[in-house]
Amino acid sequence: MSGVAVEFNLSRVFSTVADAVPDQEVLVWRDRRLTYGAMEQRIDGVAHYLAVQGLSRHTPRAELAGHEIGQDTVGLYLRNGNEYPEAMLAAYRAGAVAFNINYQYVEEELIYLLNDAAAAAVVFHAEFAPRMAAILDRVPTLRVLIQVSDESGNDLLPGAVGYEAIVTTPAPATPLPEPLGEDAFLLYTGGTTGMPKGVIWRQQDVYVAAMGGRPFGSPDAFTSYEEIAEGARNGNGGIRLLMTAPFMHGAAQWSSFHMITGGGTIVLPDDVTSMDAAGWLRITERENVMSIPVVGDAMARPLIDEIERGGYDLSGLAAISNGGAPISPGVRHRIHEALPNILILDAVGSSETGIQMNHYSAAGAEAETAVFNPEPSTTVVDDLHMRALTPGDGAGWLARSGLVPLGYLGDAAKTAKTFPIIDGIRYSVPGDRAELLEDGRIRLLGRDAVTINSGGEKIFAEEVERAIAAHPDISDVIVAGRPSVRWGSEVVAIVALRDGSTATDEDLLAEAARHVARYKLPKAILRRDSIARSPSGKADYRWAKEQATGT
């Protein structure tokens with residue numbers, strides 16, 4: 001095993017694991033059971049096709065600014081399936097760069113995204129063919145269309161090639177370019193508070209910061225591909241993850257590569273269009289899944305509701321991992337009561353930072369809500385981005401140094417603002433407010449973009465959501481602000497209650513008052529059958545604002 005550090009790229013990481021454990025399963029979905037060796041061959045075929053179409057790297061990273069990409073871009077307009085990781089890795093292998101497309105976008109949003117990324121190719125499910133057909137004349141850079149068949153029955157779009165027809169494409173006469181650690185990893189933000197932005201990472205950096213580039217429990221990165229291969233062999237295919245989130249969400253890509261690095265298996269729910277808690281648990285039982293990721297109460301509540309109904313053998317389940325939204329204390333306690341051997345891992349991170357903080361919760365040792373143990377590279381900087389705070393200094397901006405993105409695609413000004421240099425060190429400061437406590441832990445306050453300024457006080461939407469969600473009858477909640485003559489802005493909670501609930505607004509406010517100061521309590525509570533969220537489970541604050549203001 002070499003002790004010489006190398007710069008990793010995601011294509012070669014997968015190839016390394018595929019060479020080490022070719023017969024282990026990498027992905028299971030419905031009746032598909034793909035081994036690493038089989039997926040490696042399919043990735044090769046798609047990469048060959050992209051290369052034949054002229055997609056590749058054309059400008060070295062050293063000649064580019066942080067907000068620029070010198071590679072052709074390939075949009076992934078797909079629901080979950082084996083085609084997503086295959087096409088993503090094939091793009092990297094061809095020297096191009098893949099990027100995620102939110103499959104809920106309407107035509108206007110899709111046009112914006114494809115043009116912002118200067119998309120040269122799109123891989124899309126047949127379900128989305130009509131929408132693609134409607135916008136093609138408004139995306140001048142687009143020249144390659146690859147359609148994945150599905151249950152929609154839509155015909156192949158004129159000018160498109162079927163995905164299965166290209167997975168056996170032979171190697172072109174000109175060899176593929178060598179993948180590099182400096183090649184781009186492009187991830188578009190969710191756009192729940194504004195238009196999505198393309199975050200550019202070096203593959204080496206994002207792999208170590210968020211995608212499994214460090215042995216479990218170690219602060220240090222792998223030192224060689226041989227070390228990765230050895231870890232995958234030692235794992236013996238024992239790690240199995242139920243991928244509940246869509247691959248178009250960054251956290252799903254990160255979790256997937258953690259599985260891949262360890263030679264583990266990604267198990268997909270049969271239904272990839274909606275949450276089916278009973279289906280998730282049946283698959284967990286059948287496939288001996290060890291870990292289930294969730295996004296806050298929106299996923300955790302229906303999951304524990306179904307677990308409490310009983311009838312499932314979950315003896316193989318070891319962990320529930322959570323990110324993107326908090327699990328309320330009541331839901332956390334119910335999980336530990338039903339599954340006392342389960343470990344709940346809460347992680348904090350963003351497209352612009354990778355994984356920054358975490359805490360673990362076990363039965364009898366439940367973690368303090370919204371307080372986390374930071375990674376060594378995570379800190380809090382002051383309001384003016386002038387200095388890093390020291391323990392006990394109080395509130396500021398959550399930040400990360402070291403392995404951070406290069407910038408936002410096409411936006412030099414936003415890049416300079418989000419990635420400032422403080423005392424000679426480059427930080428990522430994407431907009432979360434946080435408090436650095438005296439013991440070195442960090443309390444997460446909330447996203448500044450959804451902060452409500454009411455009566456001269458800053459109120460964080462997420463903090464109020466956690467307080468409302470503590471009531472046992474709350475199924476889901478989102479908080480927004482609306483104009484107020486008296487307060488300037490006032491807090492409004494939009495709630496969905498559990499079936500059969502008789503809770504009054506006064507009941508909900510009384511519970512919330514046990515967790516936050518009275519000035520933070522909602523001035524109004526609006527009841528809805530359900531709360532709008534992204535496919536990844538993240539809150540849709542634009543929708544919440546519309547509900548609160550009636551616009």
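The values are calculated or read from the model by the stated rules, or taken from the named source; none is laboratory data. Since the model is a prediction, treat every value here as computed from it, not as a measurement. Neighbour counts run over all protein chains shown; Cβ positions are idealised from the backbone, glycine included.
Before moving on, here are some points about what is shown:
- Identity of the residue in the stretch 40-64, in a loop (DSSP other than H, G, I, E, B) and of a type in the set (A, V, I, L, M, F, W, C), that ends up farthest from ALA121 (Cα to Cα): LEU64
- Number of positions in the stretch 377-402 that are among the aliphatic types (A, V, I, L, M) and either in a loop (DSSP other than H, G, I, E, B) or surrounded by fewer than 15 Cβ atoms within 10 Å (Cβ to Cβ) (or both): 3
Results for (1) of a type outside the set (Gly, Ala, Ser); (2) outside any strand (DSSP E or B); (3) surrounded by fewer than 21 Cβ atoms within 10 Å (Cβ to Cβ); (4) assigned by TED's automatic domain parsing to the domain that holds GLY70, shown as yes or no for each residue.
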| position | (1), (2), (3), (4) |
| --- | --- |
| LEU114 | yes, yes, no, yes |
| VAL123 | yes, no, no, yes |
| ASP137 | yes, yes, yes, yes |
| PRO140 | yes, yes, yes, yes |
| ASN154 | yes, yes, yes, yes |
| LEU157 | yes, yes, yes, yes |
| GLU164 | yes, yes, yes, yes |
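- Those residues of the stretch 148-179 which are without any contact (Cβ under 8 Å) to a residue 60 or more places away in the chain and polar (S, T, N, Q), in sequence order: SER149, SER152, ASN154
- Flag for GLU127 being over 16 Å from VAL52 (Cβ atoms), over 21 Å from the mean Cα position of the chain (by Cα) and surrounded by fewer than 18 Cβ atoms within 10 Å (Cβ to Cβ): no
- Residue check for HIS67: touching a helix residue (DSSP H, G or I) at 6+ places or on another chain (Cβ under 9 Å), in contact (Cβ under 8 Å) with a residue 24 or more places away in the chain and assigned to a helix (DSSP H, G or I): no
- Flag if GLU127 is outside any loop (DSSP other than H, G, I, E, B), modelled with pLDDT under 95 and closer than 19 Å to SER534 by Cβ: no
- Within the stretch 482-533, being under 29 Å from the mean Cα position of the chain (by Cα) and acidic (Asp, Glu) holds for one residue alone: ASP529.
- Total residues in the stretch 16-36, condition among the acidic types (Asp, Glu) and assigned to a strand (DSSP E or B): 1
- Enumeration of residues in the stretch 443-476 that are β-branched (Val, Ile, Thr) and closer than 26 Å to ILE304 by Cβ: VAL464, ILE468, ILE474
- When the stretch 452-481 is limited to residues that are part of a strand (DSSP E or B) and under 24 Å from the mean Cα position of the chain (by Cα), the one that is farthest from GLU506 (Cα to Cα) turns out to be PHE460.
- One residue from THR169, THR193 being at pLDDT below 95 and surrounded by fewer than 21 Cβ atoms within 10 Å (Cβ to Cβ): THR193
Yes or no, residue by residue, for (1) outside the structural domain of ILE335 (by TED's automatic domain parsing); (2) surrounded by fewer than 18 Cβ atoms within 10 Å (Cβ to Cβ); (3) of a type in the set (D, E, K, R); (4) more than 18 Å from GLN547 (Cα to Cα):
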{"residue": "GLU462", "(1), (2), (3), (4)": "yes, no, yes, no"}
{"residue": "GLU465", "(1), (2), (3), (4)": "yes, no, yes, no"}
{"residue": "ALA480", "(1), (2), (3), (4)": "yes, no, no, no"}
{"residue": "VAL491", "(1), (2), (3), (4)": "yes, no, no, no"}
{"residue": "ASP499", "(1), (2), (3), (4)": "yes, yes, yes, yes"}
{"residue": "ASP505", "(1), (2), (3), (4)": "yes, yes, yes, no"}
{"residue": "LEU508", "(1), (2), (3), (4)": "yes, no, no, yes"}
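- Scan of the stretch 212-253 for residues that are part of a helix (DSSP H, G or I), in contact with a helix residue (DSSP H, G or I) (Cβ under 7 Å, 6 or more places away or on another chain) and surrounded by 22 or more Cβ atoms within 10 Å (Cβ to Cβ), ordered by number: ILE228, ALA232
- From the list ALA449, ALA548, ALA544, the one residue that fits, being small (Gly, Ala, Ser), in a helix (DSSP H, G or I) and surrounded by fewer than 18 Cβ atoms within 10 Å (Cβ to Cβ), is ALA449.
- For the stretch 353-361, the criterion of being on the phi > 0 side of the Ramachandran plot, surrounded by 15 or more Cβ atoms within 10 Å (Cβ to Cβ) and either in contact (Cβ under 8 Å) with a residue 12 or more places away in the chain or in the same structural domain as ALA493 (by TED's automatic domain parsing) (or both) is satisfied by at least one residue.
- Hits in the stretch 454-464 - residues which are touching a residue at least 60 places away in the same chain (Cβ under 8 Å) and either under 22 Å from ALA325 (Cα atoms) or touching a Pro at 6+ places or on another chain (Cβ under 7 Å) (or both): ILE459, ALA461, GLU462, GLU463
- Scanning the stretch 70-111 for residues that are among the hydrophobic types (A, V, I, L, M, F, W, C), outside any helix (DSSP H, G or I) and in contact (Cβ under 8 Å) with a residue 40 or more places away in the chain gives VAL74, LEU76, LEU78, ALA96, VAL97, ALA98, PHE99, ILE101.
- If you check LEU34, LEU55 for being among the hydrophobic types (A, V, I, L, M, F, W, C), touching a residue at least 24 places away in the same chain (Cβ under 8 Å), farther than 30 Å from ILE283 by Cβ and in contact with an Asp or Glu (Cβ under 8 Å, 6 or more places away or on another chain), only one passes: LEU55.
- The lone exception for VAL492 - which of (1) among the aliphatic types (A, V, I, L, M); (2) without any contact (Cβ under 8 Å) to a residue 40 or more places away in the chain; (3) closer than 24 Å to LYS458 by Cβ it fails: (2)
- If you go through the stretch 299-311 and keep only what is part of a helix (DSSP H, G or I) and more than 19 Å from SER255 (Cα to Cα), you end up with ARG301, PRO302, LEU303, ILE304, ASP305, GLU306, ILE307, GLU308, ARG309.
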